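Undergrad: Quick one: the structure is below, questions incoming.
Each reported figure results from applying straightforward, stated rules to the coordinates on display, with no laboratory input. Model, not experiment: these values are computed from the prediction. Backbone-built Cβ (ideal geometry, glycine too); neighbour counts: all protein chains shown.
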Amino acid sequence: MDILGIRLQLYPDSSSATQYMVAELFVNDVPLADFSYFATDLHELLASTEKDGEFFILTCWCGVPGCAGLGQGIKVRREPKVVYWRMLEPKPERSFVFEREAYDVTIQKIAKTCKRWSWEQRFTNKSVKAIEVTPDSNSSFFE
């Protein structure tokens with residue numbers, strides 16, 4: 001079975017003191033995409049725990065998948081014991097199989113991780129004037 005993971009990473013803006021927080025997805029400890037360009041839509045990821053369908057879990061930093069050249073989302077199919085992913089974009093085409101309970105638990109922990117990370121940054125990262133959540137639609141996970 002494949003293992004889904006997430007890491008919150010700051011990317012600096014070379015023209016200002018702003019840093020951009022990107023939720024990076026990993027499968028078997030390998031990044032799903034180049035997160036200096038792509039971002040994770042946490043709402044779409046969370047929705048994939050509730051139903052089958054096509055989800056734009058990967059998106060552009062601005063939040064518009066098409067801006068990052070994505071015309072197709074990740075196709076998610078849930079069965080009683082496993083969750084299947086089929087990714088056509090970004091290339092290369094890939095398929096993953098996750099143990100359903102572990103998948104759901106990992107994604108449910110994201111909200112707690114984001115809130116904890118946000119509080120930690122306020123107290124430990126004094127040199128950063130601004131941290132912007134990328135894409136902006138993920139901000140609700142950090143409040």
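Undergrad: Where the eigenvalues come from the Cα gyration tensor of the stretch 4-138, what are the semi-axes √(5λ) of the equivalent ellipsoid, largest first, in whole Å?
TA: Numbers: eigenvalues 143, 62, 26 Å².
Semi-axis lengths for the stretch 4-138 are 27, 18, 11 Å.
Undergrad: Here is a further query. Please check which bits of the stretch 28-54 a label hung off K75 would reach, taking the label as a point 7 Å along Cα-to-C-beta and the cut-off as backbone N under 13 Å.
TA: Under cut-off, by backbone N: 53-54.
Undergrad: Do the sum for the chain: with -39,500 (n - 2.57) for every DSSP H run of n ≥ 4, divided by all residues, what is the mean residue ellipticity at 222 nm, to the nearest 500 deg cm²/dmol?
TA: Helices in the chain give a 222 nm mean residue ellipticity of -7000 deg cm²/dmol.
Undergrad: Given the peptides 81-92, 37-48, arrange them by the average over their residues of other C-beta atoms within 10 Å, most packed first. Let's see the in-between values first.
TA: Values: 81-92: 15.1, 37-48: 20.6.
The densest-packed peptide leads the list: 37-48, 81-92.
Undergrad: Can you work out ³J(HN,Hα) from phi for every residue in the stretch 43-54, in order, using Karplus 6.51 cos²θ - 1.76 cosθ + 1.60 and θ = phi - 60°, giving whole Hz and x for Gly and Pro?
TA: After applying 6.51 cos²θ - 1.76 cosθ + 1.60, I find 5, 5, 4, 4, 4, 5, 8, 10, 7, 7, x, 9 Hz.
Undergrad: What does the charge count around E99 come to, taking other residues whose C-beta lies under 13 Å from its C-beta (Lys +1, Arg +1, Asp -1, Glu -1)?
TA: Net charge around E99: -1.
Undergrad: How would you rank F56, F26, going from fewest to most other Cβ atoms within 10 Å of each one's own Cβ? Show your work: numbers first, answer last.
TA: Working: F56 23, F26 14.
The most exposed by this proxy come first: F26, F56.
Undergrad: So who's got an amide H within less than 5 Å of the one on I74, skipping anything under 5 residues away but keeping other chains? H placed 1.01 Å off N, in plane.
TA: So I74 has HN proximity to F55, F56, I57, L58.
Undergrad: Let me ask something else. Give me the net charge for the shell around F55: Cβ to Cβ below 9 angstrom, other residues only, Lys and Arg +1, Asp and Glu -1.
TA: -2
Undergrad: Still on this model: Taking 0.36 nm per residue of separation and subtracting the Cα-Cα distance, what length does fully extending V82 through L46 add?
TA: 11.4 nm
Undergrad: Suppose every Lys and Arg Cβ carries +1 and every Asp and Glu Cβ carries -1, with no other charges. What dipole size does the chain come out with about its Cα centre, to the nearest 20 debye?
TA: 300 debye
Undergrad: Sum up the charges of everything whose Cβ sits under 15 Å from the Cβ of K81, counting Lys and Arg as +1 and Asp and Glu as -1, but leave K81 out.
TA: Its environment carries a net charge of -3.
Undergrad: Sequence neighbours fewer than 8 away in the same chain don't count; with that in mind, list the aspartates and glutamates whose C-alpha is under 14 Å from K109.
TA: K109 reaches E101.
Undergrad: Amide H neighbours of E132 under 5 Å, counting only residues 5+ apart in sequence or on other chains, H built in-plane at 1.01 Å?
TA: The list, which skips near neighbours in sequence, is Q19, Y20, M21.
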